[in-house]
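For reference, the structure discussed in these notes is given below.
The values are calculated or read from the model by the stated rules, or taken from the named source; none is laboratory data. Just so it is clear, the structure is predicted and the values come from calculations on it, not from any experiment. Cβ: placed from backbone, ideal geometry, glycine included. Neighbour counts: every protein chain shown.
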Amino acid sequence: MQLADFETFLTVVRERSFSRAAEKLHRTQPAVSLAVRRLEESCGETLFDRASKEPRLTDAGTVVAAHAEQMLNQRERLRLELLELRDLHSGKVTVGANESTAFSLLPVIEIFRSRYPQIKLEVRRSLSRSLPTEVLGGNLDLGVISYEPAHADLASTVVYHDRLVFIVYPEHPLAARDMIDLRELGQESFIAHNVESPYRATTVESFRRHRVPLNIDLEMPTIESIKRLVMRKLGVAFVPRMSVAEELAAGTLCEVPIRQLRVERPLRLVYRRRGQLSYAARAFFDVATEREIG
């Protein structure tokens, strides 16, 4: 069954004439008759009683006409919905991020929402190591990670430049220093994030290489809890700078540069190399990559 045959059939029903239907459709009358006959053969039923002057629907024709109306209405709705997607008046984009990388999305989200208020945006929290698999599996349109994905079917683009910073509370003896030596931290009590990452490994290796004790006396599940504990003077910490930007600006925490340790942390937007992004996801990608946010 061809949708065009249903459309021809409905035109005959509405015009009450094969000839008028042919004229309306800019086709020949034999072509219209052939389309109706083809539909009758597909249905296995006679759709018109041709004995009368005007074609009258049979009972089967009445049923087919009702369904044909629904099918053509569905086609029009589909056309309009696809048009809305192309014009970015509807749609949804799903982005994955962990607790710290989600901070990089805040300015992107602000711009995206101002441009495309009708598109639904969902940011899902996930472990950084799981994000490439979720993107590859189609559970996420995009993911934000702090390392280059190893899988050949994934591509990534740097969208944010961040770094690890050493933070202390304002009254800490090191808070007023412009620069310190790594060896000065051997007696400090560190509060660490209990999620393994390449940056934690880099920091641990730097302390080991310089033969400085790294005293991790407290481990916490979130960056937010680490910040609050440092504010309460319970220790010092290494955290992504973007996650403490407001506290540093307000003076409730202090960043102290370390001479032997500067860990850059470029954040990447990861996506399927061979997959096609939806219109909404492409719009989000374009906002995130059109300029340096971090």
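Only one of these is touching a residue at least 40 places away in the same chain (Cβ under 8 Å), more than 30 Å from residue 121 (Cβ to Cβ) and in a helix (DSSP H, G or I): 35, 65. Name it. Give the derivation first.
On the way: 35 fails: touching a residue at least 40 places away in the same chain (Cβ under 8 Å).
Of 35, 65, the one residue that is touching a residue at least 40 places away in the same chain (Cβ under 8 Å), more than 30 Å from residue 121 (Cβ to Cβ) and in a helix (DSSP H, G or I) is 65.
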(request) Have a look at 239, 256, 287 and point out the one that is modelled with pLDDT of 90 or more, under 24 Å from residue 197 (Cα atoms) and in contact with a helix residue (DSSP H, G or I) (Cβ under 6 Å, 6 or more places away or on another chain). (result) 239
(request) Take residue 99 and decide whether it is of a type in the set (D, E, K, R) and buried (at least 16 other Cβ atoms within 10 Å of the Cβ). (result) yes
(message) Can you tell me which residue is surrounded by the most Cβ atoms within 10 Å (Cβ to Cβ) among those in region 204-230 that are touching a residue at least 60 places away in the same chain (Cβ under 8 Å) and under 15 Å from residue 165 (Cα atoms)?
(response) 230
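Would you mention how many residues in region 42-58 are acidic (Asp, Glu) and either modelled with pLDDT of 90 or more or closer than 16 Å to residue 19 by Cβ (or both)? Can you show your working first?
Of all residues in region 42-58, those acidic (Asp, Glu) come to 45, 49, 54.
Now drop any that are not either modelled with pLDDT of 90 or more or closer than 16 Å to residue 19 by Cβ (or both), which leaves 54.
Result for region 42-58: 1.
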(request) Please find, among 167, 145, 109, the residue that is of a type in the set (A, V, I, L, M, F, W, C), touching a residue at least 12 places away in the same chain (Cβ under 8 Å), in contact with a helix residue (DSSP H, G or I) (Cβ under 7 Å, 6 or more places away or on another chain) and not assigned by TED's automatic domain parsing to the domain that holds residue 230. (result) 145
(request) Could you identify the single residue in 81, 69 that is under 30 Å from residue 131 (Cβ atoms) and not assigned by TED's automatic domain parsing to the domain that holds residue 279? (result) 81
(request) Determine which single condition residue 280 fails, assuming it passes every other condition in (1) small (Gly, Ala, Ser); (2) surrounded by fewer than 20 Cβ atoms within 10 Å (Cβ to Cβ); (3) not assigned by TED's automatic domain parsing to the domain that holds residue 187. (result) (2)
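Residues that are among the small types (Gly, Ala, Ser) and more than 30 Å from residue 151 (Cα to Cα): does region 199-215 have at least one?
In the first step, residues of region 199-215 are kept if they are among the small types (Gly, Ala, Ser); the result is 201, 206.
After this cut, where a residue has to be more than 30 Å from residue 151 (Cα to Cα) as well, the list is none.
Within region 199-215, not a single residue is among the small types (Gly, Ala, Ser) and more than 30 Å from residue 151 (Cα to Cα).
Results for (1) more than 17 Å from residue 270 (Cα to Cα); (2) among the β-branched types (Val, Ile, Thr); (3) modelled with pLDDT under 95, shown as yes or no for each residue.
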{"site": "89", "(1), (2), (3)": "yes, no, yes"}
{"site": "94", "(1), (2), (3)": "no, yes, yes"}
{"site": "112", "(1), (2), (3)": "yes, no, yes"}
{"site": "116", "(1), (2), (3)": "yes, no, yes"}
{"site": "125", "(1), (2), (3)": "no, no, yes"}
{"site": "138", "(1), (2), (3)": "no, no, yes"}
{"site": "149", "(1), (2), (3)": "no, no, yes"}
{"site": "159", "(1), (2), (3)": "no, yes, yes"}
{"site": "166", "(1), (2), (3)": "yes, no, no"}
(message) Need a quick list: strands (runs of 3 or more DSSP E) entirely within region 116-191 having at least 2 residues that are out of contact with any Lys or Arg (no Cβ under 8 Å at 6 or more places or on another chain) and surrounded by fewer than 16 Cβ atoms within 10 Å (Cβ to Cβ).
(response) 120-125
(request) Identify all residues within region 229-246 that are closer than 23 Å to residue 104 by Cβ and either in a strand (DSSP E or B) or under 30 Å from the mean Cα position of the chain (by Cα) (or both); write none if there are none. (result) 237, 238, 239, 240, 241, 242, 243, 244, 245, 246
(request) Please enumerate the residues belonging to region 3-24 that are within 11 Å of residue 72 (Cα to Cα) and of a type in the set (Phe, Trp, Tyr). (result) 6
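Select from region 8-26 the residues that are buried (at least 17 other Cβ atoms within 10 Å of the Cβ) and touching a helix residue (DSSP H, G or I) at 6+ places or on another chain (Cβ under 8 Å) and list them in ascending order. Spell out the reasoning first.
Here is the first cut: in region 8-26, the residues buried (at least 17 other Cβ atoms within 10 Å of the Cβ) are 8-13, 15, 17-18, 21-22, 25.
Scanning region 8-26 gives 8, 9, 10, 11, 12, 13, 15, 18, 21, 22, 25.
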